[in-house]
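Visitor: Here it is, the structure in full.
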Amino acid sequence: MKALILAAGVGSRLRPLTDETPKALIPVAGVPMLERTLVRLKAAGVSDFVVNAHHHARKVADFCADLSRRHAVAVAVSREDGFALDTGGALKKAAPLLRGPLPFFVHNADVLTDLDLKALYSAHAASGALATLSVRERESGRAYLFDANDRLVGHEDRKSGRTTWSRDPAPGARRLPFDGIHVISPDALDRIVEEGVFSITKTYLRLAAEGADIRAFRADRWAWHDVGTREKLAAAQAWAAARIH
């Protein structure tokens with residue numbers, strides 16, 4: 001099984017911590033976030049990893065070589081030199097390294113959670129969906145919209161005041177922010193036609209409009225932390241430290 005860990009972020013809201021350290025390598029309770037993510041994915045059955053890198057890419061690449069040695073897994077680096085490609089562009093660039101017969105994980109490196117990754121993967125396999133997104137009810141300026149059958153029908157961005165529907169507007173659609181963790185079927189790789197820098201949201205909405213089955217996986221009962229600011233980092237530190245003790 002394979003996984004793409006998204007680790008190219010600059011982490012501007014975490015400065016000065018990220019001036020010299022890649023965001024993904026900031027430690028939480030003594031363990032860099034990238035390593036935490038890899039260890040959890042390995043426990044879920046992943047043996048081949050791809051890590052995208054942009055900010056301090058050499059440091060990320062060197063750390064990945066060390067991870068491969070210490071955890072006895074394959075870790076390839078998809079470098080995004082020049083500029084970061086966003087989530088969709090990163091997936092498209094890494095596609096040659098992710099191809100294979102099995103669905104694969106995509107996991108943000110700056111997300112800490114105790115989500116049951118095996119349950120997410122099993123739900124994806126059972127549904128036959130093209131992609132399955134871990135989502136939950138929480139406060140967020142952006143969220144996916146799902147119908148009563150947990151299929152993606154749109155996206156809402158409250159910051160811009162824009163709602164994009166992949167089909168006709170669906171009254172009663174559930175607004176569920178994304179966790180930054182998904183399982184994707186390999187067939188999806190050949191259906192990414194967007195170019196350059198783009199969000200995977202753009203691809204998902206287009207695919208859903210074309211009839212693809214993009215599913216929600218409700219993760220409300222598991223803890224989740226997005227380490228995007230100093231305050232959120234402190235909360236994640238406290239959560240992770242409590243789990244150690």
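Computed from the coordinates by the stated procedures, all read-outs in this text should not be read as laboratory data. Just so you know, these numbers come straight off a predicted model, no measurement behind them. All Cβ positions, even for glycine, are placed from backbone atoms using ideal geometry, and neighbour counts span all protein chains on display.
Visitor: Across region 170-176, in residue order, what do the Karplus-derived ³J(HN,Hα) couplings come to in whole Hz, using 6.51 cos²θ - 1.76 cosθ + 1.60 with θ = phi - 60° and x for Gly and Pro?
Guide: So the Karplus estimates, Gly and Pro as x, are 10, x, x, 4, 7, 8, 9 Hz.
Visitor: OK, next. Rank these for me by crowding, LYS118, LYS42, going from fewest to most other beta carbons within 10 Å.
Guide: LYS118, LYS42
Visitor: Between SER68 and ASP168, take the C-beta separation as r, use R0 = 35 Å, and let me know the FRET efficiency to the nearest 0.05.
Guide: Plugging the Cβ-Cβ distance into 1/(1 + (r/R0)^6) gives 0.15.
Visitor: If you take the charge dipole of the chain about its Cα centre, with +1 on Lys and Arg Cβ and -1 on Asp and Glu Cβ, which of HIS71, ILE181, ASN108 is farthest toward its positive end?
Guide: It is HIS71, whose Cα lies furthest towards the positive end.
Visitor: Rounding to the nearest 10 and keeping the result within 0 to 90°, find how far the Cα-based axis of helix 33-43 lies from the longest principal axis of the chain.
Guide: 70
Visitor: For a 27 Å ceiling on Cα separation, which of these pairs sit above it: LYS92/LYS232; LYS2/LYS232; LYS159/LYS232?
Guide: LYS92/LYS232; LYS2/LYS232
Visitor: Among GLY172, ALA223, ALA94, flag the residue with its Cα farthest along the positive direction of the charge dipole of the chain, charges on Cβ as +1 for Lys/Arg and -1 for Asp/Glu.
Guide: Sorting the options by dipole projection puts first ALA223.
Visitor: Hey, another quick one. With +1 on each Lys and Arg Cβ and -1 on each Asp and Glu Cβ, how big is the dipole of region 2-244 about its Cα centre, in debye rounded to the nearest 20?
Guide: 300
Visitor: Could you check the simple spin-label distance between ALA241 and VAL193, using points 7 Å along Cα→Cβ, in nm with one decimal?
Guide: For the pair ALA241/VAL193, the computed spacing is 5.2 nm.
Visitor: Right, another one. Give me the angle, in degrees from 0 to 90, between the Cα long axis of helix 230-244 and the longest principal axis of the Cα atoms of the chain, rounded to the nearest 10.
Guide: The angle comes out at about 70 degrees.
Visitor: Sticking with this structure for a sec: Mind putting together the pair-distance distribution for region 61-159? All Cα pairs, 10 Å bins, whole percent per bin, short to long.
Guide: P(r) for region 61-159, in whole percents per bin: 10, 33, 40, 15, 2.
Visitor: Additional query: Using modelled backbone amide H atoms (1.01 Å from N, in-plane), which distant-in-sequence or interchain residues come within less than 5 Å of SER199's amide H?
Guide: GLY88
Visitor: I would also like to ask the following. Rounded to the nearest Å, what's the spacing between the alpha carbon centres of region 120-144 and region 23-47? Just the number, please.
Guide: Using only Cα atoms to place each centre, the spacing works out to 21 Å.
Visitor: Okay, next question. Quote the charge dipole size of region 150-236 about the Cα centre in Debye, to the nearest 20; the model charges only the Cβ of Lys and Arg (+1) and of Asp and Glu (-1).
Guide: Value, rounded to 20: 380 debye.
Visitor: Now a separate question. For THR229 and LEU102, calculate 0.36 nm times their separation in residues minus their Cα-Cα distance, and state this gained length in nm to one decimal.
Guide: Residue separation times 0.36 nm, minus the Cα-Cα distance, leaves 42.3 nm.
Visitor: Now for a different question. Calculated from DSSP H runs of 4 or more alone, at -39500 (n - 2.57) each and per residue, what is the 222 nm mean residue ellipticity of the chain, nearest 500?
Guide: Helix-only estimate at 222 nm: -9500 deg cm²/dmol.
Visitor: Taking 0.36 nm per intervening residue step and subtracting the Cα-Cα distance, what contour gain separates ALA126 from ARG142 on full extension?
Guide: 3.0 nm
Visitor: For region 121-245, take every pair of Cα atoms, bin their distances at 10 Å starting from 0, and report each bin as a whole percent.
Guide: Result returned by the calculation: 12, 39, 33, 14, 2, 0.
Visitor: Nearest 20 debye, what's the magnitude of the dipole of region 205-245 about its Cα centre given +1 on Lys and Arg Cβ and -1 on Asp and Glu Cβ?
Guide: With only Lys, Arg, Asp and Glu charged at Cβ, the dipole is about 140 debye.
Visitor: Provide the three semi-axes, in whole Å and in decreasing order, of the ellipsoid equivalent to region 2-244 as defined by the square roots of 5 times the Cα gyration tensor eigenvalues.
Guide: 27, 20, 18
Visitor: Here is a follow-up. Quick one: order TYR121, TYR204 by neighbouring beta-carbon count within 10 Å, fewest to most.
Guide: Least crowded to most crowded, the residues run TYR121, TYR204.
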